[in-house]
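Written below as structure tokens is the structure these notes are about.
Read the figures in this text as sums done on the coordinates, not as results from a lab. Just so it is clear, the structure is predicted and the values come from calculations on it, not from any experiment. Every residue, glycine among them, receives a Cβ derived from its backbone with ideal geometry; neighbour counts consider all protein chains shown.
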Amino acid sequence: MTKFRRISVLLFVFALIVQAAPMVSAKSPALNPEIVAKIRKEAMENSQIMSTVHKLTDVYGPRLTGSPNLEAAGKWSMKQMKDWGFDKTTMEPWDFGSPGWVNERASGFIVSPVKDSLVFEVLGWTPGTNGVVTANAVQIDIPRKALNDDSRCDRLPTQAELTAYLNSLKGKVAGNIVLIGSPANIGVDFDPPAKRISDEAIEAFRTGAPRNPRQGIVRPECPKPDVTPLGFRELGQQLTQFLEENKPAIRINDAGMTHGLIRAFGNRNADPAKTLPTVVMRNEDYGRIWRLLSDNAAVKLEFDIRNTYYKKKKT
């Protein structure tokens, strides 16, 4: 059969299916109120949704790929499904290329010039501190150049500017705790975090009527720099290499979110020999430390991070 004939046959079969669709729907049996009532009763009175969610989230907690938590949750799920009547439940291992990883314990404090606890999350697939680490905090603030009065137009450094800046830090970061970049400027928001969709918006969505366009971020018109700056990827790669070579004790990233929220995922490199103990700290604590350092105060921090790698690369 030629390619053209195969396409013709497929189009013919598709046309028959489309033509038959109204006939099938027309012959659909009417809903049985008694059956519907039984389904609703089962859902409202015998639901196991909340108990299942409780087991997976409260009992087994975070279930990172390759972790014992994920395996334990999977075994519980298999047993539960068998209790529900499933006759075949299996766990299918697959190779995801990285070792398993679990954060078992983490604590952090400002030791001086004040004493206080810190709020943070440990970045996935980064090593622990191998005991309590007490060290000075050091700022790493990559230089940016202003192009006009709008700070949003500031350009990244050139290769020469970055090299000169990193060379100035040599001898200052080894064994210390580095803060990467100035804290995000989180504005005050007086609006509620979530808004109810209006009846008009719902009706417009239902009827397909045109809706008001979403207001996007207004980008400033920036002058073209007279030199070629580095890109974010190049900058990140060179900073990572600098830290690997100069061996600070811990890296701190700013969460940069409102209301103390923290979003911490995983490190791109899962090799503990090529990365640092890394935490993502809430913006409020990060900003406080940064301001103390900017005021020429000597800030000493203390961390105890215990992470475990699981060498098998299957889950």
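Note on region 45-74: residues that are farther than 24 Å from W125 by Cα and touching a residue at least 12 places away in the same chain (Cβ under 8 Å) amount to 2. Checking each residue in region 272-313 for being in a helix (DSSP H, G or I) and within 30 Å of G97 (Cβ to Cβ) picks out P272, A273, K274.
Taken over region 139-161, the criterion of being out of contact with any helix residue (DSSP H, G or I) (no Cβ under 7 Å at 6 or more places or on another chain), assigned to a strand (DSSP E or B) and crowded, with 17+ Cβ neighbours inside 10 Å is satisfied by R155 alone.
Scanning region 56-70 turns up one or more residues that are surrounded by 11 or more Cβ atoms within 10 Å (Cβ to Cβ), closer than 28 Å to V279 by Cβ and more than 22 Å from the chain's Cα centre (by Cα).
Answer yes or no: is there a residue in region 234-247 that is over 17 Å from V173 (Cβ atoms) and surrounded by 18 or more Cβ atoms within 10 Å (Cβ to Cβ). The answer is no, given that none of the residues of region 234-247 is over 17 Å from V173 (Cβ atoms) and surrounded by 18 or more Cβ atoms within 10 Å (Cβ to Cβ).
Name the residue, out of A194, A201, A164, that is surrounded by fewer than 16 Cβ atoms within 10 Å (Cβ to Cβ) and either in contact with a Gly (Cβ under 7 Å, 6 or more places away or on another chain) or under 21 Å from L230 (Cα atoms) (or both).
Numbers: A194 fails: either in contact with a Gly (Cβ under 7 Å, 6 or more places away or on another chain) or under 21 Å from L230 (Cα atoms) (or both); A201 fails: either in contact with a Gly (Cβ under 7 Å, 6 or more places away or on another chain) or under 21 Å from L230 (Cα atoms) (or both).
Exactly one of A194, A201, A164 is surrounded by fewer than 16 Cβ atoms within 10 Å (Cβ to Cβ) and either in contact with a Gly (Cβ under 7 Å, 6 or more places away or on another chain) or under 21 Å from L230 (Cα atoms) (or both), namely A164.
Criterion first (in contact with a Ser or Thr (Cβ under 6 Å, 6 or more places away or on another chain), β-branched (V, I, T) and crowded, with 17+ Cβ neighbours inside 10 Å) does T275 satisfy it? Break it down stepwise before answering.
Details: in contact with a Ser or Thr (Cβ under 6 Å, 6 or more places away or on another chain): yes; β-branched (V, I, T): yes; crowded, with 17+ Cβ neighbours inside 10 Å: yes.
Against the criterion (in contact with a Ser or Thr (Cβ under 6 Å, 6 or more places away or on another chain), β-branched (V, I, T) and crowded, with 17+ Cβ neighbours inside 10 Å), T275 qualifies.
Taking the numbered list (1) in a strand (DSSP E or B); (2) more than 24 Å from R263 (Cβ to Cβ) in turn, V114 passes all entries but (1). Of all the numbered requirements in (1) surrounded by fewer than 18 Cβ atoms within 10 Å (Cβ to Cβ); (2) in contact with an Asp or Glu (Cβ under 9 Å, 6 or more places away or on another chain); (3) not in a loop (DSSP other than H, G, I, E, B), G131 misses one, and that requirement is (3).
Just one of E92, E71 is out of contact with any strand residue (DSSP E or B) (no Cβ under 8 Å at 6 or more places or on another chain) and either part of a helix (DSSP H, G or I) or under 30 Å from A137 (Cα atoms) (or both); which is it?
Working: E92 fails: either part of a helix (DSSP H, G or I) or under 30 Å from A137 (Cα atoms) (or both).
That would be E71, the only listed residue that is out of contact with any strand residue (DSSP E or B) (no Cβ under 8 Å at 6 or more places or on another chain) and either part of a helix (DSSP H, G or I) or under 30 Å from A137 (Cα atoms) (or both).
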